[in-house]
Amino acid sequence: CSSDLKPAVIACQKKLEEHLLNVSKQGPTAPIRKLVAANLRKVFSAGDLMAIHGCVNNYLTLAVAAKLGVLPRMACLTVIGELCEGHAGLLNPYLPDIISAVGKNIKTHEWFVRESAMICLKQMFEVGISRLVDLHSEVWKTILKSVQDRSQHVRIAAASCIVPFASQTSAVGWDVMAGLCIKALDDPILSVRSAFAESLSGLLWNAIQTFAANKAAQIQAQAAINAALASGNLPDKDKKTDSGVNPLAALKQKAAEDKKKSSVQIPDVETAFAFLQPIFIKAGASRDVRLGICQTFIAFALRTRSNSPMQTVIRTLLELLANPRVFAISNNQSADIEELFFIRQTVSWTLRNVLDLYNESQQVACVQELANWLGKTGTNDHQLICCLHSLSFL
C-alpha cells in the first residue's frame, strides 16, 4: 500500500488481531478456528509482517495456559500451525516454544486437543528444524507417544508427521522410522493403516532420493580429489594450508562421510518393492499387516508411477503368490486354505488398484505383461487366477 495509507492499514491490522484473539479465547468451533487462522495468515501477508512476533507470543502463552479451556487451546494451536505454514521464515526463534507447547498439549485427556497438537507439529516442519539438533529427540518422543495413542485420530495425525520429520533429521535412523510404520500397520482401523502405509511409502521414496543425492555427492567429491591430485598442487600428503588444514585429507574425509550417509540401500524403485515383499510373506504376519503392506504398494506405486516399470510392479506382486513360505500347509489345513484365499484376494485387489493408476497406453502394456504370465512356464494356479481377475478388470 502507499505510504499515506500505511498508518491506517497498521491500525486496522492491530484491531483485527485483537478481535481475532478474543474470538480464539471464546473457544470457537472447528470452522471458526480454521477461518480465524486463515484470516490471521492473510492479515500478516497484507499488513505489517513484523507484528507477527507479538502475535505468536500471545498465542503461545494461551496455548499452554492451564486455566484456559480445551477449545481455546485448540484455536491457539490451529493459529500457530497456520502461521508456521504461511510465514515459515520468521518463526525460527519460536520453534523451541512451539515444540514445548505441543508436548504439553499431547498430555491432555481430550483426543481432539492431542490431534490439534500433532497437526500443529506437522505444520511446524514447514519452518524447518534441521538446525535445531538438540530438539530432534524431543520431537521424536512426541511422535512416538502419539503413534501409540488410544485415539485413531491422534495416530493418523502422528503418521503425517513421520515423513516431514525424516526429511529434516538424521538423529533417528531410517530403519527405526520404517520399523515404526510397519509395526503400526497392525491396526484394525482402515484409515490408520492407510495413514501409516502412506508414511512408509514416503520413507521409501525419500530413501531413493537420499541415495541418489549421496551418490552424486560421492562422485563430486571423488572428482575433486582426482583434480587435486592431477593438478600437482598437493605433491606432499602432509602439506597443509596456512590454516593448518590438508586440503586433500579434507576432500577424502568429505567423500567418506558422504559414503557413510548412504547406509540405507534403497537405490531404486525395484529395491523398494523388494523391501516390502519379506514383510508380506513373513510367517505369522497378521491380516492387518498384510493389508497394510498392500496399501503401501499402492501408495508407493502412485508416487513412482512415472519412474517405475510396470513389469516390475506386476512381477513383484505376482511373486508374492509363488513364495513357499506363504503357502506352507500346517496341521490345521482348513485355516491355511482360508488364509490362502485371503492372500490371493489381497494381492489381486492390490494389483487391480495399482493398474488403475496408469493411463490407457500404459494399461495396454500391462495387458501384454499379464498375457505373458499366462503363458509362462511355472505359473501356479494362484498367479493365473490373479492375472485373469486383473485382465477382466482392464
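The values are calculated or read from the model by the stated rules, or taken from the named source; none is laboratory data. All of these numbers come straight from a predicted model, not from anything done at the bench. Cβ placement follows ideal geometry from the backbone for every residue including glycine, while neighbour counts extend to all protein chains displayed. Heads up: the accessible areas ignore ligands, DNA and RNA and are worked out on the full protein's heavy atoms, side chains in. Shrake-Rupley method; radii C 1.70, N 1.55, O 1.52, S 1.80 Å.
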Inset, instruction - Select from segment 181-226 the residues that are over 26 Å from the mean Cα position of the chain (by Cα), of a type outside the set (Val, Ile, Thr) and modelled with pLDDT of 75 or more and list them in ascending order. - result: GLN220, ALA223
Legend entry - Selection within segment 128-140 - in a loop (DSSP other than H, G, I, E, B), open to solvent by 30 Å² or more (accessible area, probe 1.4 Å) and not polar (S, T, N, Q): ARG131, LEU132
Legend entry - Among the candidates VAL133, VAL163, VAL192, VAL176, residue that is free of Cβ contacts under 8 Å to residues at least 24 places away in the same chain and β-branched (Val, Ile, Thr): VAL176
Legend entry - Filter pass, SER100 being touching a residue at least 12 places away in the same chain (Cβ under 8 Å), closer than 20 Å to ARG73 by Cβ, open to solvent by 20 Å² or more (accessible area, probe 1.4 Å) and assigned to a helix (DSSP H, G or I): yes
Legend entry - Residue list for segment 148-180, filter: within 19 Å of ILE208 (Cα to Cα), outside any helix (DSSP H, G or I) and out of contact with any His (no Cβ under 8 Å at 6 or more places or on another chain): SER167, GLN168, SER170, GLY173
Legend entry - Residue satisfying all of: in segment 164-179; open to solvent by less than 30 Å² (accessible area, probe 1.4 Å) and within 12 Å of the chain's Cα centre (by Cα); nearest to ILE129 (Cα to Cα) among these: PHE165
Legend entry - Residue satisfying all of: in segment 29-74; in a helix (DSSP H, G or I), in contact with a helix residue (DSSP H, G or I) (Cβ under 8 Å, 6 or more places away or on another chain) and charged (D, E, K, R); modelled with the lowest pLDDT among these: ARG41
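Residues checked against (1) over 24 Å from VAL172 (Cα atoms); (2) in contact with a strand residue (DSSP E or B) (Cβ under 9 Å, 6 or more places away or on another chain); (3) surrounded by fewer than 17 Cβ atoms within 10 Å (Cβ to Cβ):
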{"position": "LEU40", "(1), (2), (3)": "yes, no, no"}
{"position": "VAL56", "(1), (2), (3)": "yes, no, no"}
{"position": "ALA63", "(1), (2), (3)": "yes, no, no"}
{"position": "CYS84", "(1), (2), (3)": "no, no, no"}
{"position": "LEU90", "(1), (2), (3)": "yes, no, no"}
{"position": "THR108", "(1), (2), (3)": "yes, no, yes"}
{"position": "THR142", "(1), (2), (3)": "no, no, no"}
Legend entry - Search result, residues across segment 195-218 that are closer than 30 Å to GLN152 by Cα and of a type outside the set (A, V, I, L, M): PHE196, GLU198, SER199, SER201, GLY202, TRP205, ASN206
Inset, instruction - Out of LEU351, LEU388, LEU355, report the one residue that is open to solvent by 50 Å² or more (accessible area, probe 1.4 Å) and among the aliphatic types (A, V, I, L, M). - result: LEU388
Inset, instruction - Quick one: which residue in PHE125, PHE112 is closer than 21 Å to VAL64 by Cα, open to solvent by 20 Å² or more (accessible area, probe 1.4 Å) and modelled with pLDDT under 95? - result: PHE112
Inset, instruction - Answer yes or no: is there a residue in segment 299-321 that is charged (D, E, K, R) and modelled with pLDDT under 75. - result: no
Legend entry - Any chance CYS120 is surrounded by 15 or more Cβ atoms within 10 Å (Cβ to Cβ), more than 16 Å from LEU60 (Cα to Cα) and either touching an Asp or Glu at 6+ places or on another chain (Cβ under 9 Å) or touching a residue at least 12 places away in the same chain (Cβ under 8 Å) (or both): no
